[in-house]
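The values are calculated or read from the model by the stated rules, or taken from the named source; none is laboratory data. What you see is a predicted model, and the numbers here were worked out from it, not measured in a lab. Here the Cβ positions follow ideal geometry from the backbone for every residue, glycine too, while neighbour counts run over all protein chains shown. Please note that ligands, DNA and RNA were not included when accessible areas were found on the heavy atoms of the full protein model with its side chains. Shrake-Rupley method; radii C 1.70, N 1.55, O 1.52, S 1.80 Å.
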Amino acid sequence: MPPIPGSGLAKGLAVTLRTMTKRAHTAQYPEVQPELPPRSRGVIGLFEENCTVCMLCARECPDWCIYIDSHKETVPAAAPGGRERSRNVLDRFAIDFSLCMYCGICIEVCPFDALFWSPEFEYAETDIHELTHERDKLREWMWTVPAPPALDPGAEEPKEIAAARKAVEKAEATAAAAAAAAAQAEAAPPADGTPDTPAGGTA
């Protein structure tokens, strides 16, 4: 059956009439901040302590908007006779948000959980060159990252937490065994069989 001429116009006018009878809702921004979803993609926060300067985020970025500079430092041997090691020290970590397309690839590929999504979105600038934010600003945004959702109660324990818990339990058991052995050694009589006498007393 062919459509009735003008039916599309009638449907559009019906939607318009229904909308006209409803009260408009206006968000009073910036006086009232919007309630954003917990996984909003605002800006990228940097947890600098976790960064090992592996450069994986900069290499995988399709826009090449991540700039990283570093230098190597020599770490002394931890034990006598050991050899010195070298480690990368982060000098600069910057993101050019005028180029970033918020794909999240850098966050996904980071193997050490140094990058996180922050819901902050108020970082407009009058000059496009000021949209390149250095690591100090990225670290400030890190503290606005929401907490991760709670784990499923029925899920198995993560292997990292299980390994840490077993290590703590083993250390506590070793310490308890050493304390028990020390207490038993103090309570045991002397090996020659003579009873203990107080100092200055008679047997």
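In this structure, is Pro148 in contact with a Gly (Cβ under 7 Å, 6 or more places away or on another chain) and either within 25 Å of Val53 (Cα to Cα) or touching a residue at least 40 places away in the same chain (Cβ under 8 Å) (or both)? Give the steps one after another, and end with the answer.
Numbers: in contact with a Gly (Cβ under 7 Å, 6 or more places away or on another chain): no; either within 25 Å of Val53 (Cα to Cα) or touching a residue at least 40 places away in the same chain (Cβ under 8 Å) (or both): yes.
When the stated conditions are applied, Pro148 does not pass them.
Taken as a whole, the range 16-27 holds at least one residue that is among the small types (Gly, Ala, Ser) and either open to solvent by 100 Å² or more (accessible area, probe 1.4 Å) or farther than 16 Å from Trp117 by Cα (or both). Residue pairs whose Cβ atoms lie under 6 Å apart, sitting 6 or more positions apart in sequence or on different chains, and linking a residue in the range 111-124 that is within 12 Å of Cys57 (Cβ to Cβ) and part of a loop (DSSP other than H, G, I, E, B) to a partner that is open to solvent by 40 Å² or more (accessible area, probe 1.4 Å) and hydrophobic (A, V, I, L, M, F, W, C), are Ala114/Phe47. Inside the range 57-102, residues that are hydrophobic (A, V, I, L, M, F, W, C), open to solvent by less than 70 Å² (accessible area, probe 1.4 Å) and either in contact with a Pro (Cβ under 7 Å, 6 or more places away or on another chain) or under 22 Å from Leu131 (Cα atoms) (or both) make up a count of 12. Can you confirm whether the range 36-55 contains a residue that is open to solvent by 80 Å² or more (accessible area, probe 1.4 Å) and β-branched (Val, Ile, Thr)? No, the conditions are met nowhere in the range 36-55.
Taken together, the residues in the range 123-152 that are open to solvent by less than 100 Å² (accessible area, probe 1.4 Å) and more than 21 Å from the chain's Cα centre (by Cα) amount to 7. Filtered by the rule that a residue be in a loop (DSSP other than H, G, I, E, B) and free of Cβ contacts under 8 Å to residues at least 24 places away in the same chain, the range 41-69 gives a lone residue, Met55. The residue list Pro38, Pro3 contains one member that is free of Cβ contacts under 8 Å to residues at least 60 places away in the same chain and either farther than 20 Å from Asp136 by Cβ or not in a loop (DSSP other than H, G, I, E, B) (or both), which is Pro3. Filter the range 153-193 for residues that are open to solvent by 100 Å² or more (accessible area, probe 1.4 Å) and acidic (Asp, Glu); which is modelled with the highest pLDDT? Looking at the filtered set, the residue picked out is Glu172.
Within the range 55-113, can you find the residues that are on the phi > 0 side of the Ramachandran plot and either among the aliphatic types (A, V, I, L, M) or over 21 Å from the mean Cα position of the chain (by Cα) (or both)? Don't jump to the end; show me each part of the working.
Here is the first cut: in the range 55-113, the ones on the phi > 0 side of the Ramachandran plot are 55, 64, 81, 102, 104, 113.
Answer for the range 55-113, where residues must be on the phi > 0 side of the Ramachandran plot and either among the aliphatic types (A, V, I, L, M) or over 21 Å from the mean Cα position of the chain (by Cα) (or both): Met55, Trp64, Gly81.
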